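Okay, so here's the structure we're looking at.
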Amino acid sequence: MDEVFRMKRHNTRHAHSTGRTMHPCSTWLGLIFLVFSLSSQADFVIDIVGGADDATPIAVVPFGGPALDDNPGNIINNDLKNSGVFKTLLPSSFPAQPTSSAEVFFHDWQNIGSDYLVVGNTVTTPLGLYSMHYELLSISGHKRIMGETFTLNAQQWRDAAHQIADHIYQKITGVRGAFATRLLYVERYFIPHGGLHFTLMVADSDGHRAQVVLDSKQPIMSPAWSPDAQKIAYVSFEEGRSAVYIQDLRTRARERVAFFEGINGAPAWAPDGKNLALTLSRSGHAEIYVMNLENRSLRQLTDNPSINTEACWFPDGKSIAFTSDRGGGPQIYRFDLSSGQTTRLTFDGNYNARCTISPDGKKMAVVHRQSGQVFQIAIQDLVSGDMTILTQSQLDESPSFAPNGNMLVYATRYQNQGIMAQVSPDGRVKVLLPEQRGEVQAPAWSPFLH
């Protein structure tokens, strides 16, 4: 897709400056190169632009206890609301502000239109830690459903709030929550007198607590999570041309694993964490390879004089999907690692690229173009082949499933800025995560952290 175009552009620029000859690589017909405009910083705010009509009403009371940067109840409330599964009620409608089930009189809550009630409290322990306790109550059932206590330090209270939201989500829906996960993305911004910069960022699933992993004046592309969420792989041009790096998020140690002549791009971790799919142009064309991370050996999967790129693994690790223009335009194909057979998956629309497979292996999200220059996120049922367009904006890219499969994150445009957004697989729930600075590219949702 456009990543190959960008790599070819940067690699060719490097070849001209060094006098070295690069391998030729054809480009997509009608390929776009997304050039993001720069904008000033904006306050971080989550904007919900769509929701499910059948969302379950729930009331989350602000937690009692010492003042923190944000009340844990507010974080839990926002997590549940952003999922689209719940409709959270405004505190102004609450008849009281209880912090434990002992303070709840159910008859006072029966007329607010909520099925569930969440109460909680945070206290300081003698050792200087925090003890955070919450309870989930059924208003109609007049009973306590569950409750837990977390002991944590001052840096962990937001983590605890996300975990509480996960537990509430799972208790009511039966599906594991994904709020205590992370987002990985590239941020492109301009520093006065310092020029253009690219940063690789990691943030909470709601976009808060963003931290810089790598800062560079050269492009960073295609960040990807390892299956255990402890490492990341990405493409960097810091050495003048594309190279693939692996970095440990705990130690910050990093290693260059692919720096071959030509294109080195689109890393994708195998489900077992032992192999990495890559796009390389060692043979003269952009082809899909798999690298064994223990001995660095390479296996070439595709062999076609077209562009073959953007591999993504099926959850069972037995096959990959990838983008290729071998049929005349970008479409998604599947390669079976055992048989070596390739089959085409997408037929609807004249452009389908940058695929990602749902955790259950039943759905595939893509960047889809039906006609013109409108690129949207679509999802295809891998059994029926039916495709549904999820977004209505014009320049959407890089879809990535949450580890429970109930939301996708992607990059889009909002008020003339590149931001992250989230959408449900049925398209009914949309959440915007405007960035504080710069332009967001290539978001990736982490696996479960524990």
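Can you report the number of residues in region 170-197 which are over 30 Å from Y234 (Cα atoms) and within 19 Å of the chain's Cα centre (by Cα)?
Initially, region 170-197 is screened for residues over 30 Å from Y234 (Cα atoms), giving 170-175.
Right, trim to within 19 Å of the chain's Cα centre (by Cα) and you get 175.
Matching residues across region 170-197 total 1.
Here are the criteria: (1) part of a loop (DSSP other than H, G, I, E, B); (2) over 16 Å from G73 (Cβ atoms); (3) at pLDDT 95 or above. Tell me which single one R144 does not satisfy.
If we test R144 against (1) part of a loop (DSSP other than H, G, I, E, B); (2) over 16 Å from G73 (Cβ atoms); (3) at pLDDT 95 or above, just (1) comes out false.
Taking the criterion of being within 24 Å of D206 (Cα to Cα) and touching a His at 6+ places or on another chain (Cβ under 9 Å), would at least one residue in region 124-145 satisfy it?
The answer is yes; a qualifying residue exists.
What do you reckon, is E261 surrounded by fewer than 19 Cβ atoms within 10 Å (Cβ to Cβ), in contact (Cβ under 8 Å) with a residue 60 or more places away in the chain and more than 19 Å from the chain's Cα centre (by Cα)?
Working: surrounded by fewer than 19 Cβ atoms within 10 Å (Cβ to Cβ): yes; in contact (Cβ under 8 Å) with a residue 60 or more places away in the chain: yes; more than 19 Å from the chain's Cα centre (by Cα): yes.
Criteria met by E261.
Here are some residues: R250, R158, R209. Which one is at positive phi, surrounded by fewer than 21 Cβ atoms within 10 Å (Cβ to Cβ) and not aliphatic (A, V, I, L, M)? Walk me through it before giving the result.
Numbers: R250 fails: at positive phi; R158 fails: at positive phi.
Just a single option satisfies the conditions, and that option is R209.
Only one of (1) part of a loop (DSSP other than H, G, I, E, B); (2) under 22 Å from the mean Cα position of the chain (by Cα) is not met by M201, so which one is it?
(1)
Tell me the residue from A96, A102, A55 that is at pLDDT 60 or above and within 28 Å of the chain's Cα centre (by Cα), please.
On inspection, the qualifying residue turns out to be A55.
Output the number of residues of region 375-433 satisfying the condition of being in a loop (DSSP other than H, G, I, E, B), under 17 Å from D206 (Cβ atoms) and free of Cβ contacts under 8 Å to residues at least 24 places away in the same chain. Can you show your working first?
Taking region 375-433 as the starting set, the residues that turn out to be in a loop (DSSP other than H, G, I, E, B) are 382-386, 390-394, 396, 402-407, 415-416, 424-429.
Add one more test, that the residue is under 17 Å from D206 (Cβ atoms), and what stays is 402-404, 406-407, 424, 429.
Pick out the ones that are also free of Cβ contacts under 8 Å to residues at least 24 places away in the same chain and you get none.
Residues flagged as in a loop (DSSP other than H, G, I, E, B), under 17 Å from D206 (Cβ atoms) and free of Cβ contacts under 8 Å to residues at least 24 places away in the same chain within region 375-433 amount to 0.
Based on what the data block shows, is D360 surrounded by fewer than 16 Cβ atoms within 10 Å (Cβ to Cβ) and in contact with a Lys or Arg (Cβ under 9 Å, 6 or more places away or on another chain)?
no
D360 passes all but one of (1) at pLDDT 95 or above; (2) over 18 Å from the mean Cα position of the chain (by Cα); (3) not in a strand (DSSP E or B); which number fails?
The failed condition is (2).
For region 174-182, check the following and say yes or no: at least one residue is at pLDDT 95 or above and in a strand (DSSP E or B).
Yes, because at least one residue in region 174-182 is at pLDDT 95 or above and in a strand (DSSP E or B).
Is it the case that D348 is of a type in the set (D, E, K, R), assigned to a loop (DSSP other than H, G, I, E, B) and at pLDDT 95 or above?
Considered against the rule, which asks whether it is of a type in the set (D, E, K, R), assigned to a loop (DSSP other than H, G, I, E, B) and at pLDDT 95 or above, D348 comes out as yes.
For region 395-450, name all the residues that are at pLDDT 90 or above, of a type in the set (D, E), surrounded by 19 or more Cβ atoms within 10 Å (Cβ to Cβ) and out of contact with any Ser or Thr (no Cβ under 7 Å at 6 or more places or on another chain).
Within region 395-450, E397, E439 qualify.
Please work out if R158 is closer than 27 Å to S424 by Cα and touching a Lys or Arg at 6+ places or on another chain (Cβ under 8 Å).
Here the answer is yes, as R158 does meet what is asked.
Return only the number of the condition from (1) in contact with a Ser or Thr (Cβ under 6 Å, 6 or more places away or on another chain); (2) not in a helix (DSSP H, G or I) that N77 does not satisfy.
That leaves (2) as the condition not met.
Would you confirm, using the coordinates I've provided, whether A321 is under 23 Å from the mean Cα position of the chain (by Cα) and either farther than 20 Å from A224 by Cα or of a type in the set (G, A, S) (or both)?
Yes, satisfied.
Contact list please: Cβ distance under 6 Å, first residue in region 315-335 and crowded, with 21+ Cβ neighbours inside 10 Å, second residue assigned to a loop (DSSP other than H, G, I, E, B) and small (G, A, S), pairs at least six apart or on different chains.
That search, which allows pairs on different chains as well, returns S324/S306; D325/S306.
Are there any pairs with C-beta distances below 8 angstrom linking a residue in region 104-132 that is assigned by TED's automatic domain parsing to the domain that holds W157 and polar (S, T, N, Q) to a residue that is part of a loop (DSSP other than H, G, I, E, B) and loosely packed, with under 15 Cβ neighbours inside 10 Å, with the two at least 6 apart or on different chains, and if so which?
Matching pairs, first to second residue: Q110/S140; T122/P66; T124/P66; S131/T125.
Restricting to region 232-245, what's the tally of residues that are in contact (Cβ under 8 Å) with a residue 24 or more places away in the chain, surrounded by fewer than 21 Cβ atoms within 10 Å (Cβ to Cβ) and part of a strand (DSSP E or B)?
Residues meeting the conditions: 0.
Given the criterion part of a helix (DSSP H, G or I), within 24 Å of Q422 (Cα to Cα) and acidic (D, E), identify the matching residue among D70, D166, D108. Give the steps one after another, and end with the answer.
Working: D70 fails: part of a helix (DSSP H, G or I); D108 fails: within 24 Å of Q422 (Cα to Cα).
Result of the check over D70, D166, D108: D166.
Residue by residue through region 161-212, note down the ones that are closer than 18 Å to E439 by Cα and β-branched (V, I, T).
Within region 161-212, V186, I191, T199, V202, V212 meet the criteria.
The values are calculated or read from the model by the stated rules, or taken from the named source; none is laboratory data. Not measured: the values here are computed from a predicted model. Backbone-built Cβ (ideal geometry, glycine too); neighbour counts: all protein chains shown.
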